[in-house]
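**Q** Attaching a single structure in structure tokens format; questions to follow.
The values are calculated or read from the model by the stated rules, or taken from the named source; none is laboratory data. Please read these numbers as outputs of a predicted model, since none were measured by experiment. Cβ placement follows ideal geometry from the backbone for every residue including glycine, while neighbour counts extend to all protein chains displayed. All accessible areas refer to the heavy atoms of the entire protein, side chains included, with ligands and DNA or RNA removed. Shrake-Rupley method; radii C 1.70, N 1.55, O 1.52, S 1.80 Å.
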Amino acid sequence: MDFYYMPLSAPCRAVIMTAEALGIKLNKRFLDLYAAEHLKPEFLKINPQHCVPTLVDGDLKLWESRAIMVYLVEKYGKEDHPLYPKCPKKRAVINQRLYFDMGTLFKPFADWFYGQVYYKKPADPELYKKIEMALDFLNTFLSETKYVAGDNMTLADLAVLASVSTMDVANLDFSKYEHVTRWYKGLKDTAPAAAENWAGCLDYKKIM
């Protein structure tokens, strides 16, 4: 399986952690977005949206990290894998948390951060309020269960961990979010491919 990625990308790192948890060997193909390698004709044939992560598994060409994560478990995980169990109710909660990560947690952070780093805009306090609101929601989720979507580690934890660890190197203060802090301390160094995830975060920090 060819995996097109950049290590500093949180969505890419979420897929890498999933593959590690499943014991899957990815053929990692570094794509330098800063050098516009994602706009080369050969990559556009694979992914017309020219984004990472992108997975090529035989005749399947797939992008969007959470879709890739689910695909890997469904194809290569054991029949009822704890990362994404067969139970429709458990899957529903995991799916909700994955969408939460994409649309509520990581998006305002990315908008807030990229605006400052790439476009030299002043920090937007309204976007920062959205980040705080999202962390408040996450703290509520984690006040009820040990992990993001229940009492076992799932795909939701790996996706959210990639996001939260990126926020960590951006110097966001989690101290007032008791349950987020507890969960993060427990997974930061113990999740599958934790060291690779953190190395990618440090790459991210270099551009700040």
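**Q** Within the range 111-123, can one find any residue that is under 18 Å from GLU64 (Cα atoms) and either of a type in the set (A, V, I, L, M) or modelled with pLDDT of 95 or more (or both)?
**A** For the range 111-123, residues under 18 Å from GLU64 (Cα atoms) and either of a type in the set (A, V, I, L, M) or modelled with pLDDT of 95 or more (or both): absent.
**Q** Go through TYR184, TYR177 for me and flag whichever is touching a residue at least 24 places away in the same chain (Cβ under 8 Å) and either in contact with a strand residue (DSSP E or B) (Cβ under 7 Å, 6 or more places away or on another chain) or in the same structural domain as TYR114 (by the TED database) (or both). Walk me through it before giving the result.
**A** Numbers: TYR184 fails: touching a residue at least 24 places away in the same chain (Cβ under 8 Å).
Being touching a residue at least 24 places away in the same chain (Cβ under 8 Å) and either in contact with a strand residue (DSSP E or B) (Cβ under 7 Å, 6 or more places away or on another chain) or in the same structural domain as TYR114 (by the TED database) (or both) holds for just one of TYR184, TYR177, which is TYR177.
**Q** Among (1) modelled with pLDDT of 95 or more; (2) out of contact with any strand residue (DSSP E or B) (no Cβ under 8 Å at 6 or more places or on another chain); (3) in a helix (DSSP H, G or I); (4) within 22 Å of VAL15 (Cβ to Cβ), where does TYR84 come up short?
**A** Against the list (1) modelled with pLDDT of 95 or more; (2) out of contact with any strand residue (DSSP E or B) (no Cβ under 8 Å at 6 or more places or on another chain); (3) in a helix (DSSP H, G or I); (4) within 22 Å of VAL15 (Cβ to Cβ), TYR84 comes up short only on (3).
**Q** While we're looking at this one, here's another question. Tally the residues that are of a type outside the set (Val, Ile, Thr), open to solvent by less than 90 Å² (accessible area, probe 1.4 Å) and assigned to a helix (DSSP H, G or I), restricting the search to the range 104-135. Lay out the reasoning, then the answer.
**A** To start, the set of residues in the range 104-135 that are of a type outside the set (Val, Ile, Thr) comprises 105-116, 118-130, 132-135.
Still in the running and open to solvent by less than 90 Å² (accessible area, probe 1.4 Å): 105-106, 108-116, 123-125, 127-128, 132, 134-135.
If we keep only those that are assigned to a helix (DSSP H, G or I) too, we end up with 105-106, 108-116, 125, 127-128, 132, 134-135.
Summing the residues that are of a type outside the set (Val, Ile, Thr), open to solvent by less than 90 Å² (accessible area, probe 1.4 Å) and assigned to a helix (DSSP H, G or I) in the range 104-135 gives 17.
**Q** Separate question: Could you list, in sequence order, all residues of the range 37-49 that are more than 20 Å from VAL15 (Cβ to Cβ) and surrounded by 11 or more Cβ atoms within 10 Å (Cβ to Cβ)? Lay out the reasoning, then the answer.
**A** Looking only at the range 37-49, we keep the residues that are more than 20 Å from VAL15 (Cβ to Cβ), and these are 39-42, 44-45.
The answer is LYS40, LEU44.
**Q** In addition: Using beta carbons and a limit of 6 Å, which pairs, at least six apart or on different chains, have the first residue in the range 148-171 and more than 11 Å from ARG13 (Cα to Cα) and the second one open to solvent by 10 Å² or more (accessible area, probe 1.4 Å) and β-branched (Val, Ile, Thr)?
**A** Cβ pairs passing all conditions: ALA149/VAL93; ASP151/THR145.
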